[in-house]
Structure formats: structure tokens, C-alpha cells
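The values are calculated or read from the model by the stated rules, or taken from the named source; none is laboratory data. What you see is a predicted model; the values in this text were computed from it and never measured. Glycine also receives a Cβ, built like all others from the backbone with ideal geometry; neighbour counts cover every protein chain displayed.
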Ligand SMILES: Nc1nc2c(ncn2[C@@H]2O[C@H](COP(=O)(O)OP(=O)(O)OP(=O)(O)O)[C@@H](O)[C@H]2O)c(=O)[nH]1
Ligand SMILES: [Mg+2]
């Protein structure tokens, strides 16, 4: 790995991360009302290598996301399968971090996990205190999300399955994906696009709703 860079990931061939514009945000009502502190929650975004976790966090975040991307070199050729994402030049080596405010008084802090197996030891730290997780999947490489599914099943953290649909790939119904992954019926499965903010917000809302449903009062 050459170096930890933040912006190299924006120039991958044929794909650009959404431009993030810093604005002078006007203060929201809850920001001025000291009696109405927003609820801050932590959400983890996990899934296989190169499935779009960094893209998702960057698309949703209202702040410039923290990225820990490192350039990929020929050294990882044998371990990292780039056939589905030939334009990918970098990989996450620690985590992604972003923030999104939903519904004025609900702030989600998004933590993207590194996808490469050799960094999985960090997951235990990353999920600490989280209310739920998004497991991103790519239907061309469904089995890559099994470790994430197993991990959240075994630790009991509520999760939703989000299929990041890549243009030009076959489209599947959520029911097909549920069956292929044997995801229990009460767990939301959705088809989305990690590059589109609206699509990511829908996924996050589904996760928050699901976490509220399954968590004890
Ligand atoms: N066409 C298309 N390309 C995407 C989409 N999401 C991500 N990409 C591309 O796929 C590649 C992988 O995206 P990342 O967001 O870096 O994936 P990741 O899951 O964070 O990868 P690791 O951290 O290395 O595991 C990038 O090169 C993007 O160009 C998508 O929805 N459609
Ligand atoms: Mg990443």
C-alpha cells in the first residue's frame, strides 16, 4: 500500500463519488433549543470487499466524510477480486465516518467497515455502541456478505440487507435475495443504489425502524 489518501478514491475510472459541498448550514430549531437535544445513534455499514460501503457513507453524509483509503497495488492482486469493480483504485484500511440528520432530532453517525478480510479484527471495536447495521450486498458476489450476516446474527445487532445495484447487472427482487441468503422474514431486504442519497436515506430509515421494532423498550 502506498499511502493513506483521502481524495484518490474520487477519481476512479468511470465513477466519481458524489461531490460534497460544504454549506453554511442554518441552525435548526433543535440546535437552538437546549431542552431538545437530538438523539445521536451509531450505525455500522458492513459487507464484502468493494461492495460500495465507502460510496454509501459518502453519498449520505452531510459533513465531508472521513475516509481512510489506501491505493491498491499489484501486491493485493491475488486476494482482492476487482472483476466486478474494475475502476476501483483504493480500499478502506480503517473506517469511513459520516453524519446524517434525520427528522431534525435524530442524528445518525455512520461507520463504514473495511471490506478486506485482513482488517476484520477491527469490527468488534467499530460496532461497539451501534444500534444497528446495514449489510451491503452485490448480487454478483452474494457470498461475500455472509461473514457480515453471520457476525451480526451472532452478536444480536439488528441489521438490514441492502443490495447495492450496479448498473448493467441483473436485477433481482428482494424476495429472491432473501431466499438466496436465507434472511429471516422480519429483517428488511431492499434493493438500493449506494451512490444516491435518497436511496441511502430510505435504507437508513428502514434500519432505524427495524432496530426500534426489535429492541426492547
Ligand atoms: N456502477 C456503480 N459503481 C459503484 C457503485 N457503488 C460503488 N461503485 C464503484 O465500486 C467501487 C467500490 O466502491 P467502494 O465504495 O470503495 O467500496 P467499499 O465497499 O468501500 O470497498 P472496500 O472498503 O475496499 O471494501 C468503486 O470503485 C466505485 O467506483 C454503484 O452503485 N454503481
Ligand atoms: Mg470502503
(request) Of all residues in the range 178-203, count the ones that are within 16 Å of ligand 1 (Cβ to nearest atom), touching a helix residue (DSSP H, G or I) at 6+ places or on another chain (Cβ under 7 Å) and either assigned to a helix (DSSP H, G or I) or at pLDDT below 95 (or both). (result) 3
(request) Collect the residues in the range 108-126 that are modelled with pLDDT of 95 or more and more than 16 Å from ligand 2 (Cβ to nearest atom), keeping them in residue-number order. (result) 108, 109
(message) Would you confirm, using the coordinates I've provided, whether residue 163 is touching a helix residue (DSSP H, G or I) at 6+ places or on another chain (Cβ under 7 Å), outside any helix (DSSP H, G or I) and at negative phi?
(response) yes
(message) The conditions are (1) closer than 23 Å to residue 54 by Cβ; (2) surrounded by fewer than 20 Cβ atoms within 10 Å (Cβ to Cβ), and residue 173 fails exactly one of them. Which is it?
(response) (1)
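Which one of these is surrounded by 16 or more Cβ atoms within 10 Å (Cβ to Cβ) and either within 24 Å of residue 164 (Cβ to Cβ) or modelled with pLDDT of 70 or more (or both): 10, 16?
The match here is 10.
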(message) So in the range 57-72, with the set limited to residues that are within 9 Å of ligand 2 (Cβ to nearest atom) and either buried (at least 21 other Cβ atoms within 10 Å of the Cβ) or within 11 Å of the chain's Cα centre (by Cα) (or both), which one is modelled with the lowest pLDDT?
(response) 69
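Does residue 149 satisfy the condition of being over 22 Å from residue 98 (Cβ atoms) and not in a strand (DSSP E or B)? Walk me through how you get there before you give the answer.
Working: over 22 Å from residue 98 (Cβ atoms): yes; not in a strand (DSSP E or B): yes.
Here the answer is yes, as residue 149 does meet what is asked.
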(request) Would you mind stating whether residue 54 is modelled with pLDDT under 95, crowded, with 16+ Cβ neighbours inside 10 Å and within 13 Å of ligand 2 (Cβ to nearest atom)? (result) no
(message) Which condition from (1) within 16 Å of the chain's Cα centre (by Cα); (2) over 13 Å from residue 48 (Cβ atoms) is the one that residue 86 breaks?
(response) (1)
